[in-house]
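First the structure, in the form of structure tokens, and then the observations on it.
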Amino acid sequence: MPVDHPVSIAIETSCRLGGVALGAGETLVAEAGFDADSRHAAQLVSRLAGMLAGRGLSPGQLDEVYVSVGPGSFTGTRVAVTVARMLAQTVPHLRVVAVPTAAAVAQGAAGLDWRRLGVILDAREGLIYAETFARPDGPIVPDGPRGVMTPQEYLAAAGRPLTLVGEGLAYHPMPDGLVLAPQSLDAPPHLPSAGNVWRVGRAMAAAGLFTEYHQLEPIYCRKPEALRVWERAHGRQGQ
């Protein structure tokens, strides 16, 4: 079927609710979500294949892929990056955009009332990954502290005004008045979505912010747990 170009897809598996989206030109054509759980790969490939086939498209007709690269689920982000790499290797002209997951979460809050937004993701062991955004001229842009820290460290560094959003709020209680409604942390705008990954990815692609597929890597807020355990044990042995 005739479609506008670029034909693009977005992949989101960084949290427990995964999804894929399809775009044509500047239009988001379709979006499908799924419960990612521990079956990211099977769900992702199946939903993506079905979305393309349902519109008479093949992977060879894709121009761009926007992939949510984290921080987020260790397994989920690796699956998304692996699928994006495989597509880029299979389709020679396909270009890749690495979309920070926190930016996709912030995009989900674009229509709500805030001046400065803090996206909170869980980094375990009492820590969070936080990233701060503002929109002084309309587009949402990074503004302020980001990285792995304690909730108290982030709140002290971020300043005010500040509104908080993100899946990490389910694990790290915050002061009243800072958390963005709705209060359900299993629903938008607290979770990234494939549609918002597509919106951020399309803007990045328009700005020429592509990543070579062989340089595409997940963003981890911390090293894998097994490696951290080994390093702690190795450190003790060296004392």
- Note on the structure: Of all C-alpha pairs within the chain, those more than 24 angstrom apart amount in percent to 45 percent
- Task: Quote the charge dipole size of the chain about the Cα centre in Debye, to the nearest 20; the model charges only the Cβ of Lys and Arg (+1) and of Asp and Glu (-1).
- Result: 420 debye
- Between the alpha carbon centres of region 130-199 and region 60-96 the gap in Å comes to 25 Å
- Task: Give me the Kirkwood hydrodynamic radius of region 21-154, using the inverse of the mean 1/r over all pairs of distinct Cα atoms, in Å to one decimal.
- Result: 16.8 Å
- Message: If you fit an axis through the alpha-carbon atoms of helix 40-53 and take the longest principal axis of the Cα set of the chain, what angle between them do you get, 0 to 90°, nearest 10?
- Response: 30 degrees
- Task: Could you work out the relative contact order of region 107-200, using alpha carbon pairs under 8 angstrom and six or more residues apart, expressed as a whole percent?
- Result: 31 percent
- Leading residue at positive end of dipole, the chain (Cβ point charges), from 178, 30, 123: 123
- Message: Compute, for region 65-205, the length of the dipole vector about the Cα centre, with Cβ point charges of +1 (Lys, Arg) and -1 (Asp, Glu) only. Units Debye, rounded to 20.
- Response: 520 debye
- For region 85-159, size of Cβ-based charge dipole, Lys and Arg +1, Asp and Glu -1, in debye: 260 debye
- Exposed GluC sites (Glu not before Pro) being those in a DSSP loop with at most 15 other Cβ atoms within 10 Å, the longest stretch of the chain free of them is 27-124
- If you wrap a convex hull around the C-alpha atoms of region 125-213 and split its volume per residue, what is the figure in Å³? 140 Å³
- Query: Could you work out the helix-only [θ] at 222 nm for the chain, with each DSSP H run of four or more residues adding -39,500 (n - 2.57) and the total divided by the number of residues, to the nearest 500 deg cm²/dmol?
  - Reply: -9500 deg cm²/dmol
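Read-outs: derived from the displayed coordinates by stated rules, not from any lab. Quick caveat, the model's predicted, so the values are computed rather than measured. When we count neighbours, we look across all protein chains shown, and the Cβ atoms used for this are built from the backbone with ideal geometry, even at glycine.
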